[in-house]
Structure formats: structure tokens, C-alpha cells
Amino acid sequence: MKYQGFTLAESLAAAFVFIIFITSCLTLYINIHSTQRALSNFSLVCDDLSFTIEKMSREIRMAYRFSSTNPNGGDEISFTNSRGENVTYKLNPSRKRIERVVNGESKVLTSENIEVEDLRFYLTGENTKDDLQPKVTISIKFKSTGGKESEKYEKTVQVSVSSRQLDMGL
């Protein structure tokens, strides 16, 4: 007499292979989801930081009468913008945000996605008699705040901007 069907050993082996397959698929899905979340957070932080740097750079390019708390790495910079307003960019250490101050009114530029650890402005050519065009190098050390601890990161970015205004004793 011939029995048709599967033995207990064959059924257990098939179930074991199926469990391994499902476990590996689930692990892969979790890793992909975690990576996607980290990349999304990274993209959000990059966009926010790019906006902040572009805003400062655009205004510095058309500015004149620069001054800094320390030209060799001060934490704030002041200048007169193209509309004749006195503008100051600085780090608010308690909020860990970059602020733009115009005529005493402060506006935060960075979002909650970023904690700015350090902000430095290196200023050269600010003296009208030095025959140098004003140039500002901005250094921002920041860390991301969103997501899990394993998805957070810390970076330093630096950009140099020279003023387009002729430095002729304005």
C-alpha cells in the first residue's frame, strides 16, 4: 500500500525554510525603512541648511560696511545691506539657532531640525584702505535633531562669500 502526502520531516523542513525566508524579508524591509527615514531626515536638514546659507550669502554679496565681533572667527557679523538696513547674523546659544537681526527685530533662520553648535564668521578686507574686496567665510557646526539617535549626525560646513560692492570707502 502506497501513501500519498508529506511526511512530518518534510513538512517541518518546508516550514523551517518558509520561516527563514519570511524572517529575511522582514529584516530587509525594516532595514530599508530605517535607511529611508534616515535619508529623508538628512534631506530635510540639508534643505534647511542650504536655505539658511543661501539667505546669508545673497545678502552678504550685496552688502558693505562689514564688522564682526572678531574678524578671525567671531560669532556674529554686521553689515549694511543693499536696502540700507543694518543687518546682523548671529547664533542664539540658548535656542541653538541662527538669527537675522534687522533694526533690533530678530528672526530665526534655522528650523527645529538643526541644532547649531557653533557659528563663526571670518572676515577679510573689511577695511576700506586695505585694497581687498570684503570676503566672509561662514563656518557652521551643526547636528540634526530629528529621528532616532542612530539616525542623527553632526557636520561642519563652510562657505566663502565675497561682496560685489566695490570697496572704495563707502
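Just so it is clear, none of the values below were taken in a lab; they were calculated from the coordinates. None of these values were measured; they are calculated from a predicted model. Cβ placement follows ideal geometry from the backbone for every residue including glycine, while neighbour counts extend to all protein chains displayed.
Table for the structure above
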{"quantity": "Helix axis angle, 8-61 relative to the chain longest principal axis, alpha carbon, degrees", "calculated": "10"}
{"quantity": "Reported label for calculated P(r) over Cα pairs in 10 Å bins from 0, in percent given (1) 9, 29, 21, 12, 8, 6, 5, 4, 3, 1, 0; (2) 11, 39, 34, 15, 2; (3) 9, 34, 27, 20, 9, 1", "calculated": "(1)"}
{"quantity": "Out-of-range pairs (alpha-carbon distance over 28 Å; input Lys107/Lys155; Lys96/Lys129; Lys55/Lys141)", "calculated": "Lys96/Lys129"}
{"quantity": "Ser57-Ser34 FRET efficiency (beta carbon distance; Förster radius 45 Å; 0.05 resolution)", "calculated": "0.85"}
{"quantity": "Inter-label distance, nm, simple model (7 Å from Cα along the C-beta direction), Val101/Glu151", "calculated": "3.6"}
{"quantity": "Potential extension, Ser162-Glu112 segment - 0.36 nm per residue separation minus Cα distance", "calculated": "15.1 nm"}
{"quantity": "Ile20 paired with Ser94, simple spin-label distance in nm, labels 7 Å along Cα-to-beta-carbon", "calculated": "6.1"}
{"quantity": "Length added when fully stretched, Thr27-Thr137, from 0.36 nm per residue minus Cα-Cα", "calculated": "35.1 nm"}
